[in-house]
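The values are calculated or read from the model by the stated rules, or taken from the named source; none is laboratory data. None of these values were measured; they are calculated from a predicted model. As a convention, Cβ positions derive from the backbone with ideal geometry for all residues, glycine included, and neighbour counts pool all protein chains shown. The area values use the complete protein model at the heavy-atom level, side chains included, leaving out ligands, DNA and RNA. Shrake-Rupley method; radii C 1.70, N 1.55, O 1.52, S 1.80 Å.
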Amino acid sequence: MNIHEYLEEFEDIPGTRVYTAARARKGYHLNQFAMSLMKAENRERWKAGERAYLDEWPLTEDQKLAVLARDYNRMLELGGNIYFLSKIFSTDGIPFAEACSTMTDMTFPEYRQMMLDGGRSPDGNRSIKGGY
């Protein structure tokens, strides 16, 4: 198996985006924006005008719209790394687990209970191509 075939296998995991070098390159500026929110002065500027603050960064329009909509799944598709993106939901005052629940088809209480019960079953979540 060559490297391209190997990396393509990562796209076959339902609901999972493996953070590859290609995703890192695609999301570099998105992740840098998110990390900027670690500084109080940047959080204040962000809260005062989200779009204006985003326009200071060389993000794609798709990335900007995903951030403004707080569409974390889309941000992940566009190269975001969940640990960097956590700066956005932390700035919004949302706990990590609650933000993660927005990436599922569950409410936060349902998501929390599923995690307390041991997490999502791998049954039916192993392969898109194989249907299992």
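Scanning the stretch 55-81 for residues that are under 22 Å from PHE96 (Cα atoms) and free of Cβ contacts under 8 Å to residues at least 24 places away in the same chain turns up LYS64, LEU65, ALA66, LEU68, ALA69, ASP71, ARG74. In the set (1) modelled with pLDDT under 90; (2) in contact with a Phe, Trp or Tyr (Cβ under 7 Å, 6 or more places away or on another chain); (3) of a type outside the set (S, T, N, Q); (4) open to solvent by less than 60 Å² (accessible area, probe 1.4 Å), the condition left unmet by ARG126 is number (4). Within the stretch 59-85, the set of residues being outside any helix (DSSP H, G or I), within 16 Å of VAL18 (Cβ to Cβ) and not aliphatic (A, V, I, L, M) comprises GLY79, GLY80, ASN81.
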